[in-house]
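The values are calculated or read from the model by the stated rules, or taken from the named source; none is laboratory data. All figures in this text were calculated on a predicted structure; none of them were measured in a lab. FYI the Cβ positions are ideal-geometry reconstructions off the backbone, even for glycines, and counts take in every protein chain you see.
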């Protein structure tokens with residue numbers, strides 16, 4: 001299901017959109033810095049955590065990111081999966097369907113942005129309808 005098409009400084013990526021958020025009361029929830037983290041504390045020489053198989057892409061979402069309507073106040077993630085099943089996340093993280101509007105755009109560090117191109121449909125799940133979306137990733 002993963003589809004990525006590169007063109008110049010942009011590529012398209014497609015996947016089912018999920019929103020992951022931490023429970024700040026869970027000890028060590030921020031140790032891995034992302035929902036696929038480890039129990040190791042953050043360190044400059046530690047390799048970043050690898051997402052589980054089936055995760056197409058994931059991005060840190062700020063509390064002021066336009067176009068995402070999940071109720072969270074920062075340090076959350078938009079995760080794209082190949083299948084409509086939710087991704088496996090570390091202890092202390094929760095996952096729900098991402099509620100995106102057509103103006104979703106995420107500015108990343110440097111000259112990189114991620115923007116929703118279109119929603120291709122939805123699939124009903126136990127956690128609600130999850131959208132199959134296509135995003136454009138621009139690399140400046």
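Got a sec? Which strands (runs of 3 or more DSSP E) wholly within region 55-101 have at least 2 residues that are touching a residue at least 60 places away in the same chain (Cβ under 8 Å)?
Because the criterion is at least 2 residues that are touching a residue at least 60 places away in the same chain (Cβ under 8 Å), the strands (runs of 3 or more DSSP E) in region 55-101 that meet it are 76-81, 93-97.
Among the conditions (1) under 27 Å from residue 138 (Cβ atoms); (2) within 14 Å of the chain's Cα centre (by Cα); (3) not in a strand (DSSP E or B), the only one that residue 107 does not satisfy is (3). Comparison of 82, 102, 96 shows that the only residue that is under 19 Å from residue 123 (Cα atoms), surrounded by fewer than 13 Cβ atoms within 10 Å (Cβ to Cβ) and at pLDDT 90 or above is 102. Checked against (1) within 27 Å of residue 122 (Cβ to Cβ); (2) touching a strand residue (DSSP E or B) at 6+ places or on another chain (Cβ under 8 Å); (3) modelled with pLDDT under 90, residue 73 meets all criteria but (2). In region 110-121, the residue that is nearest to the chain's Cα centre (by Cα) out of those that are surrounded by fewer than 19 Cβ atoms within 10 Å (Cβ to Cβ) and under 14 Å from residue 14 (Cβ atoms) is 115.
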